[in-house]
Structures are given as C-alpha cells and as structure tokens.
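Beneath this line is the structure, given in structure tokens, with notes to follow.
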Amino acid sequence: MQMNGERRTALRLPLHNIIVYGTENTGKCVSRSFVLQNFLKVLSHDFLCAFGAAMGLHLLHRVPLLFLTFLCCCWSEAPRNGSTPNIIIMLMDDMGWGDLGVFGQPSKETPNLDRMAAEGMVFPNFYTANPLCSPSRASLLTGRLPVRNGFYTTNAHARNAYTPQEIVGGISDKEVLLPQMLKKMGYVNKIVGKWHLGHRPQHLPLVRGFDQWFGAPNCHFGPYNSSLRPNIPVYNNSQMVGRYYEEFGINRKTGESDLTQIYLQESLEFLRAQVSGQHPFFLYWAVDATHAPVYASKRFLGRSQRGRYGDAVMELDDSVGVILKELKKLGVAKETFVFFTSDNGAALMSGPNQSGSNGPFLCGKETTFEGGMREPAIAWWPGHVPAGKVSYQLGSVMDLFTTSLALAGLPAPHDRIVDGLDLTPVLFKNALIDRPIFYYRGNEMMAVRVEQYKAHYWTWSNSWEEFNKGINFCPGQDVADVTTHEQKEHTMQPLIFHLGRDPGEKYPISVLSAEYQAVLQHVSHIVEQHKTGLVPGVPQLNMCDLAVMNWAPAGCERMGKCLKAPKSQPWKCEWPH
C-alpha cells in the first residue's frame, strides 16, 4: 500500500512475526483517515484493541482496511492509564556521543545518566537534524527538517546558520511548535535554558506555546562592551531579569558560574507546582553549560579528569539525577516520559578543555560526518519503557515532536510534511522502523544513511581560509578526499561507507564492487523520492542588522538596563562554514 507518493516502509513487530506497513514520515499506519476518526467516536479504543486480539494476528490479511488501521494504532500508542503522561525533554548543548559512560567514556563523569540508561532504553543510532544548535532546536520543536521549517540560509551553498544577536529572523509563525500542540491537551509548558530560535519579541517562547520560561534567547557568548554589543539578557517569562556577565555571572578565567544550579532549581519548582496542581506538564530543559565558554559551579570545578568540560558534564549529570529523583519523590515517575539527548556533536574546534568526545566518529559540530550529527540518546519511563534495553532504531530529534504528540494522544499536523516518526512502537514493543536519515548542511543534502550504509553526495569540513585561522572541525582526523577543505561534489558517484564496519568513515566502499552498486541503486531511489517531494521553506537566516540586537528587551526599563540601539542598516549575513 502506498500513500501520497511516500515510500512504503516496514514496521516489524517481533512478538507477532508480522510486518505492518506505514509511511516514511510517520512510520505507522494511516491513522488519520476521515473514516477512522468518525469510527473512533463510536467505538472505544479499548474495545478496538480487544477486538484485534480476538481476531488473531495471523488473520490480519483478511481484515478490512478499517480494522487493520485501528489495530496498528493499538500497537503504536502509549499504554493507557487514564491520563496523558508528563513529558520532559533534556537537550544538552554541544555534548558529544562519547561523553557518557554508557557510550564508552572512561572518565566516570555520568553515573546518573548511566543509571538512567540502565533503567531505560539507549539509542546508539540517534541523530540531530543539523550539525548546529539553532536549526537542530527548530527541528526538535517542529518535527521538520530545517530546509522545510526555514531555519537555514541561501546566502551561500551548504552553509550552517544560526541565531546570533544580529539575526533579523526567527522561527516562522507558519510553523506549529510542540508546546502549541500540547496546550490542546491541557499541558502546562515550560522551557528552562537556551531558546535560540530568535530573540525578537515575535519569536520568543511565550508567544510560541510555552507558558513559562527561564533562560536566554541566545548563546552565552561575552562579555561585551555594551556600547558596541549588548550582553545577552536572561528572562523570567516575558521580562528580562538581568544579563549574562552582569547579574548572571560567568567567570571566563575560572569557568565558575551558578547557571546550571539556577536552571535546576527553576525546573524543580516547576515540577512541584504542576504536580501539586495536578496538571500534565511539558518541561523542555535546554541547559547550555557544555557550550563554549564552558562553565560549572564551584562545587564541581576541578573534579573531573577532563578539565572544565568534564566538570560541566558532571554537574549536568548530577542535575539529571536530582530531577529523576524528584519525579520519584513526587510520585510521578511512572507518569512521566523523559528523553535525554544533545543538539549536535561535540565542538572539537573549541579545544580539549572546552569540548567533549564524539567517540569513534569522524569530526564534530558543524560537519555532516557522524561526529557532527550522531547524538547520545536515552528514553526513560519506569513501568512503560523496558529497562536495560538497547534499540538500534535510526532515530532523530525530529521524532521527539511526533512521539510526544502520540504520547499525549494527538495526531501530527495534517497540513504539512512532518519528518519525525512516532517512536512509540520502538519504545514499547522494541520494533524497528525502516527509515532514512538525511544529513543537511544549510540548503544542501550532504549525505543520507539507509540501514548501515551512508552515502556522501557532498563532503566539506570547513574552508582553507577558516582552517588557516586555526579553526579545525576534525582535529587529528584528516581523511584524504573525505574531510576536504573545499566543497567537493560526489553526486554522480557518492562516497559510500558501511558504518557498522567503518564507523569512522575512513574507508569508502570500492565503486567497482557489487556491494557498492547494489547500495547505490537502493539509496538513489530514496534520495530521488525525497528531493522530488521537497518544498523548501522560506529561509529565515539570511538577514542581519545590528539594530535588532538585545539593546532594550522587555523589562529593561524596570532595571535601568536599556541600551540605545544604532541606526538600522540590514545586510546579508555572512556564514563562513
């Protein structure tokens, strides 16, 4: 069965030895048909599931499409316990795949995350949607590739772009964000930490579905001379309550800052308030201590074996442990789905004390090699997600959008392509959903992964100009004709690697081999289908203007912290990478 021209994929449920067919962008049966929606108004979910069990799975090929559809829904949805689960997404900043003990880090910095993994499900094949912070976050909250949701630039070919202070744009008002959807089911939504989807008033979290916010709109770069560039504001909901390096200190010399502890306390107070009020909640915990300039509180500085970066990891790990313990103390651990991951790979160019580990993978942040795109990922939900499991599902941060909606009992938006899959069959049935992973850098699809194979259509680390300035995205990892400093096109004969045999992408499969030809034929069809149906969104990251920086955020008058903005002189942003 093929639907809307999408590639048919197979969802294998090992317990029943059957295959349920779905679509590339949802990974489940057609559950949104008009017939089914009206049918469900008459018959209850429990009755439908019971009917499916009574029919016998071996008779599925004789069941009318209507019943096949609702049976699929039974398997793909979260267990019903009378209420929708709380949802916590923990998104780290520039934390690499190899930074956790469960992924092989020997420094013993993550006992709480390792315990979380032992109590939940680990995803060693989990990816970001872009190797840079802003586009990755936009994809998490929309379930869509940056090239669809507009978080990219067309100012130059294959350039990473993000939201510095001078960016004019932000997340498009045409995009539907996860908290906006969850509000339909009565969720109270809070973001703690970095937003990074636009700092102008029309782009901020409280106008995009969040009820509460404590954090900052941009990275914690600085300190700045306020006459030339303002320090980044920190918001409590709609009002600034200070600025980085001013009211919220970060000591650039020692790395000391209490920000992670402040973010932890904000999160704990939110959890307690929502449990007391018996509200379902969504907490988006977007802490940024592992982004350069790396910081940690005094209690953690000097404790790790990896310098300041390891100290920051230890403090974040401790915070994870405190939050999970609080959920248990409040009696809502079995009612709360928690997912831990990172926005992109470790920023190797920042140096050893300011960046982490990408394990065995090539290069890091800013690149579409595995080190830039593959992320640590752990799902935790006691009593629902089985403990001690490893899923080899190809996953994406975009899946958190669709999966969260499924857990809340909501369908994904009908009026747009959603790239994220519903991973509930993976979480609850240990199923594997066939799907590709597309690696984008700006407006270019650089590579694609299908099963164990990865095909590079373009390769590029960074330019010779930037490299000669000392900016190296692949320190000590140069691979001839792969980590190139010119944009190298391979569209006629892509470089293909088997990531199981060669996770470091060092040894391309010979183009003369039968293996290469078979993989190329399979992958080419998937890429052609993807590109044929791709309608790029309007790029939001093309224009810059010093006048739009954080000169006078809401609340600055009360604090006497307003600064005078310069005259508006917009220009096309320059993105070197």
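The values are calculated or read from the model by the stated rules, or taken from the named source; none is laboratory data. Everything numeric in this text was worked out from a predicted model, so none of it was measured. Cβ placement follows ideal geometry from the backbone for every residue including glycine, while neighbour counts extend to all protein chains displayed. In case anyone asks, the SASA skips ligands and DNA or RNA and just uses the protein heavy atoms, side chains included. Shrake-Rupley method; radii C 1.70, N 1.55, O 1.52, S 1.80 Å.
Listed values, structure above:
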quantity: Those lysines that a straight Cα-Cα span of less than 24 Å connects to Lys329, excepting residues fewer than 8 apart in one chain; calculated: Lys190
quantity: Protection proxy ranking, peptides 380-388, 518-526, average beta carbon neighbours within 10 Å, highest first; calculated: 380-388, 518-526
quantity: Cβ-based net charge around Arg229, under 12 Å, with every Lys or Arg adding one and every Asp or Glu removing one; calculated: 0
quantity: Reference-scaled alpha-carbon Rg (2.2 N^0.38 Å with N residues) for the stretch 475-577; calculated: 1.84
quantity: Carbon and sulfur %, accessible surface of the chain computed with the full protein complex present, 1.4 Å; calculated: 54
quantity: Given charges at Cβ of Lys, Arg, Asp, Glu: the chain dipole, positive-most of Leu362, His577, Ser319; calculated: Ser319
quantity: From the coordinates shown, semi-axes √(5λ) of the Cα gyration tensor in Å corresponds to which of (i) 38, 30, 26; (ii) 36, 30, 23; (iii) 34, 31, 27; calculated: (ii)
quantity: Neighbourhood charge, 15 Å Cβ-Cβ cut-off, centred on Gly170 and excluding it, Lys, Arg +1 and Asp, Glu -1; calculated: +1
quantity: Gyration tensor (alpha-carbon) shape descriptor, the stretch 323-423, a/c threshold 1.5; calculated: oblate
quantity: 5 angstrom amide H check on Glu375, placed H, neighbours 5+ away; calculated: Phe126, Tyr127, Thr128
quantity: The stretch 241-375, relative contact order [Cα under 8 Å, separation at least 6], %; calculated: 19
quantity: Label-to-label distance, nm, for residues given as Gln202 and Met492 (7 Å Cα→Cβ offset); calculated: 4.5
quantity: Charge context of Pro179, other residues only, Cβ under 11 angstrom, K/R +1, D/E -1; calculated: +3
quantity: Placed amide H near Met240: partners under 5 Å, 5+ positions off or other chain; calculated: Ala554, Gly555, Cys556
quantity: Simple label model, 7 Å out from Cα along Cβ direction - Leu534 to Ile471, nm; calculated: 2.4
quantity: The chain - share of DSSP beta bridges that are antiparallel (%, nearest 5); calculated: 60
quantity: Cut-off under 5 Å, modelled amide H: who pairs with Leu495 long-range; calculated: His456
quantity: Sum of -39500 (n - 2.57) over DSSP H runs of 4+, divided by residues of the chain (222 nm, nearest 500); calculated: -7500 deg cm²/dmol
quantity: Surface accessible to a 1.4 Å probe, per residue, for the residues of the stretch 446-527, Å²; calculated: 49
quantity: Accessible area (Å², per residue) of the stretch 215-262, counting only protein heavy atoms and a probe of 1.4 Å; calculated: 41
quantity: Å² of accessible area per residue within the stretch 332-432, as computed with a 1.4 Å probe and no ligands counted; calculated: 24
quantity: Rounded, prolate or oblate (a/c below 1.5 giving rounded, otherwise prolate when a/b exceeds b/c) for the stretch 205-301 by Cα gyration tensor; calculated: oblate
quantity: Difference of contour (0.36 nm per residue) and Cα-Cα distance, Ala480 to His522; calculated: 12.5 nm
quantity: Whole-Hz couplings from phi, Karplus 6.51/-1.76/1.60, listed for the stretch 381-396; x for Gly and Pro; calculated: 7, x, x, 10, 7, x, 7, x, 9, 10, 9, 8, 4, 6, x, 9
